[in-house]
Each structure stands twice: as C-alpha cells, then as structure tokens.
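Each remark here refers to the structure printed beneath this line.
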Amino acid sequence: MRLEALFEDLESQFAALRDGDLYGEVAERIRAEVGKLTLLDRLRGAVGTVIRVELTHVEPVQGELTRVGKDCLLLEAERFEEWLIPAAAVTAVHGLGPWAEPAEGAVAAKLGLAHLLRGIARDRSPVTLFCAGPGGHPVTGTIDRVGADFIEVAEHALDAPRRRSEVHNVRLVPTQALSALRRR
C-alpha cells in the first residue's frame with residue numbers, strides 16, 4: 001500500500017509540474033504576443049470610444065477616436081472640432097480598453113498623416129496648427145501644399161477666407177514638428 005501511495009503522490013507532483021510548465025509556457029507566449037503590439041494597434045482597438053490624449057507642446061485633447069492611420073490618429077472633439085494628431089506627438093493616452101487590433105489590409109496600412117493632410121489641403125479648410133519649437137504658438141490658416149516631409153500654410157485669421165489680401169505670411173512647417181492640427 002505504501003508504494004501505491006508513493007506512486008500516486010509522484011504522479012500528482014508530476015501533473016502539477018506539467019500544469020505549471022504549461023501555465024508558464026502560455027504566459028510566456030502571451031507576453032511575446034503583447035510585445036509585438038504597437039501604440040497604433042492599441043489605438044485601433046479603441047476606435048469609437050472617447051479617449052484623452054496627452055501631446056507634446058499642446059494641452060491634452062479629449063474626443064471620440066474615429067480613425068487610426070499608419071502614423072496618426074483622428075479625434076472628433078466637442079464644438080465640431082477634428083484633431084489630426086501624429087503618433088510621434090502622443091505622450092500618453094487615457095481611456096483605452098483592453099483591446100488591440102492590427103492594421104487592416106494594404107490600403108489602410110498606407111493611409112497616413114500625409115494622405116490626410118493632402119485631403120485637408122484639397123478641402124481648403126481653415127486649420128490651426130500646433131507645432132513644436134520655441135514659442136510654440138498656434139498658427140491659423142489654410143494648407144496650400146503638402147510635400148514629402150513638410151506642409152506650407154498660408155497664414156490668415158480663421159474667420160477670414162484664404163484670399164491674397166488676407167494672407168499675412170506663408171509658413172513652411174516640417175511634418176516632424178507638427179504636434180496636432182485642429183479643424184472645425
């Protein structure tokens with residue numbers, strides 16, 4: 001009888017070790033998969049929810065996350081404002097759920113900041129730019145051109161149309177200096 005009890009005890013210890021190894025292996029695989037997630041994958045999992053985004057050189061922005069591009073995100077805030085935010089300008093995000101979602105297909109993976117900026121330039125919508133750098137004052141106007149790594153903004157008051165008589169400066173802004181863009 002003692003040998004039978006000894007074998008049962010050894011079998012239960014072996015089963016516990018095997019279960020522990022399996023648990024450890026599953027936990028390690030989960031950690032490895034989470035390690036592959038990007039900031040934008042986490043943000044894609046929150047599309048449709050209200051989040052708060054902390055940015056470099058700009059006050060935090062809160063709104064519904066409506067789109068995530070390959071290098072940017074789009075928020076709809078109060079007062080009919082849209083915020084286009086480069087991913088590089090994000091310092092923290094609040095209000096995300098536990099979900100993540102990888103990029104969908106080849107087309108969605110290509111739609112990024114430059115594509116959205118070109119759409120805004122085509123619409124001729126007046127915008128407010130928030131840029132990094134000394135002073136960091138918001139710039140209002142209309143985007144005239146979008147290059148590979150810059151935008152040109154015709155500066156004028158938000159309530160004035162983009163007319164030659166209203167433009168008081170044309171500013172070239174490297175896209176890497178852009179912290180956020182607000183459009184009403």
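Number of residues in region 89-105 that are outside any loop (DSSP other than H, G, I, E, B), open to solvent by 20 Å² or more (accessible area, probe 1.4 Å) and either touching a strand residue (DSSP E or B) at 6+ places or on another chain (Cβ under 8 Å) or modelled with pLDDT of 95 or more (or both) equals 5.
Of all residues in region 44-62 being farther than 22 Å from residue 127 by Cβ, modelled with pLDDT under 95 and of a type in the set (A, V, I, L, M, F, W, C), which is least open to solvent (accessible area, probe 1.4 Å)? Here the answer is 46.
For region 63-78, give me each residue that is out of contact with any helix residue (DSSP H, G or I) (no Cβ under 8 Å at 6 or more places or on another chain), within 21 Å of residue 175 (Cα to Cα) and at pLDDT below 95. Within region 63-78, just 67 meets the criteria. Against the criterion of being open to solvent by less than 80 Å² (accessible area, probe 1.4 Å), free of Cβ contacts under 8 Å to residues at least 60 places away in the same chain and farther than 25 Å from residue 70 by Cα, residue 121 does not qualify.
Each residue in region 162-178 was checked for being in a loop (DSSP other than H, G, I, E, B) and without any contact (Cβ under 8 Å) to a residue 24 or more places away in the chain, and 5 pass. The number of residues in region 162-184 being more than 26 Å from residue 72 (Cα to Cα) and either open to solvent by 70 Å² or more (accessible area, probe 1.4 Å) or of a type in the set (A, V, I, L, M, F, W, C) (or both) comes to 7. Pairing each residue of region 64-83 that is part of a strand (DSSP E or B) with any residue that is of a type in the set (A, V, I, L, M) and open to solvent by 80 Å² or more (accessible area, probe 1.4 Å), provided the two are 6+ apart or on different chains, yields C-beta distances under 6 Å for 64/50. Given the structure, is residue 113 out of contact with any Pro (no Cβ under 8 Å at 6 or more places or on another chain), under 27 Å from residue 41 (Cβ atoms) and buried (at least 19 other Cβ atoms within 10 Å of the Cβ)? No. Per the listing 75, 40, the residue uniquely within 12 Å of the chain's Cα centre (by Cα) and under 19 Å from residue 176 (Cβ atoms) is 40.
Restricting region 143-161 to residues that are part of a loop (DSSP other than H, G, I, E, B) and farther than 18 Å from residue 132 by Cα leaves a set whose member that is most open to solvent (accessible area, probe 1.4 Å) is 159.
The values are calculated or read from the model by the stated rules, or taken from the named source; none is laboratory data. Remember, it's a predicted structure, so these values are computed and weren't measured experimentally. Cβ atoms come from the backbone with ideal geometry, glycine included; neighbour counts cover every protein chain shown. Only protein heavy atoms, including side chains, enter the accessible area calculation; ligands, DNA and RNA are left aside. Shrake-Rupley method; radii C 1.70, N 1.55, O 1.52, S 1.80 Å.
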